[in-house]
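Colleague: Input: one structure, supplied below.
Each value in this text was obtained by applying a stated rule to the coordinates, not by laboratory testing. Because the structure is predicted, anything quoted here is derived from the model rather than measured. Using ideal geometry, Cβ is built from the backbone for each residue, glycine included, and neighbour counts are taken over all protein chains shown.
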Amino acid sequence: MPKLIDLHLHTSRCGHAEGRLEDYALEAERGNLAGIGFSDHFPLLHTRDADLSMSMEELPSYVREVVELREAFPGLWVGLGIEVDYLPETAGRLEDLLNLFPFDYIIGSVHFIDGWGFDDPRYVSEYSGRDLFTLWERYFELLGDAAESGLFDLLAHPDLIKKFGFRPREDVTHLYENCLDRVAAAGIALEVSTAGLRKPVGEIYPSEDFLRMCRERDIEVTLGSDAHRPEEVGYRFGEALALLRKVGYQEVVVFESRERFPLSL
């Protein structure tokens, strides 16, 4: 397997991850990765929940700790990223805040649909009684909005809405197509994430059909584990690599100082 870079790691600062940054780096070295990128949760602007993200006061310390880790592991590429929730009501406040820090890349993600944290196990009961097709339609509309916002370099776990296995009976192909047309026009990358293999849905984000549509549109992709514990670094990357090659990808991209670079598979 080629040496790969895991661009999506969290830290204990987000309130739902564990382990020292050094432990993530050591695990990457044991797994023969070329590098890692930390992309912990940016402070939420619409609510304060210490179980979901760090506070604004913690953000400078997070940045400093990642930069210091680079010095401690000179043989390992260490990227400084951040994962930022896209919500229409707070998007206008993000650019100025993000520009305060020297991020290598900024990940956009959709975890909230009209105020509901749909992927949060604490609120999974709210799926009951909802129209799933309408829910999926709204999710992919928001994902397209995030792509067009100009705030992000890539979008995380692009079909996260399937996390708990709630799927519409209707065909969702055109939802994928409409969203991915917007993503392609925006020139933004999408993440192939093995985190879904650890969740109830039991499959990679995104699905093979979704990823094949990405390839048809020449949408660039990144690779991430969404690790919340050191032992999850590079989680089942062999399966992700096989899926990428199956649909025709020969490279992924990585970021440094907001510029993207190819990495051969």
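Colleague: What list do you get for 5, 188 if you sort them by fewest beta carbons within 10 Å?
Modeller: 188, 5
Colleague: Count charges around residue 103 for me, please; just the other residues with Cβ under 10 Å from its Cβ, Lys/Arg as +1, Asp/Glu as -1.
Modeller: Once all neighbours under 10 Å are counted, the net charge is -1.
Colleague: Where does region 176-236 land on the Kirkwood hydrodynamic radius, alpha-carbon pairs, in angstrom?
Modeller: One over the average 1/r among Cα pairs gives 12.3 Å for region 176-236.
Colleague: How do 59-67, 43-51 rank on mean C-beta neighbours within 10 Å, highest first?
Modeller: 59-67, 43-51
Colleague: While we're on this one: Under a crude label model (7 Å from the Cα following the beta-carbon direction), how far is residue 34 from residue 208 in nanometres?
Modeller: The modelled label-to-label distance comes out at 2.7 nm.
Colleague: Could you list log10 I(q)/I(0) for region 39-166 at q = 0.15 Å⁻¹, which the Debye formula gives when each Cα is one point scatterer?
Modeller: For region 39-166, the Cα-only Debye profile gives -0.76.
Colleague: Please work out how much length the chain gains when fully extended from residue 185 to residue 173, using 0.36 nm per residue of separation minus the C-alpha to C-alpha distance, in nm with one decimal.
Modeller: Residue separation times 0.36 nm, minus the Cα-Cα distance, leaves 2.5 nm.
Colleague: With r as the distance between the Cβ atoms of residue 164 and residue 114 and R0 = 30 Å, compute the FRET efficiency 1/(1 + (r/R0)^6) and round to 0.05.
Modeller: 0.95
Colleague: Tell me, what is a quarter of the convex hull surface for the C-alpha atoms of the chain, in nm² with one decimal?
Modeller: Mean orientational projected area (the chain, Cα hull): 12.7 nm².
Colleague: Sorting 96, 159 on the 10 Å Cβ count, fewest up front, what's the list?
Modeller: 96, 159
Colleague: Same structure, new question: Peptides 8-14, 35-41: what's the order by average Cβ count within 10 Å, highest mean first?
Modeller: 35-41, 8-14
Colleague: Still on this structure, I have one more. Run the helix sum for the chain: -39,500 (n - 2.57) per DSSP H stretch of 4+ residues, divided by residue count, reported at 222 nm to the nearest 500 deg cm²/dmol.
Modeller: Value at 222 nm, helices only, nearest 500: -9000 deg cm²/dmol.
Colleague: Per-residue counts of other Cβ atoms within 10 Å, averaged by peptide: what ranking do you get for 249-256, 98-105, highest first?
Modeller: So the order, starting with the most tightly packed, is 249-256, 98-105.
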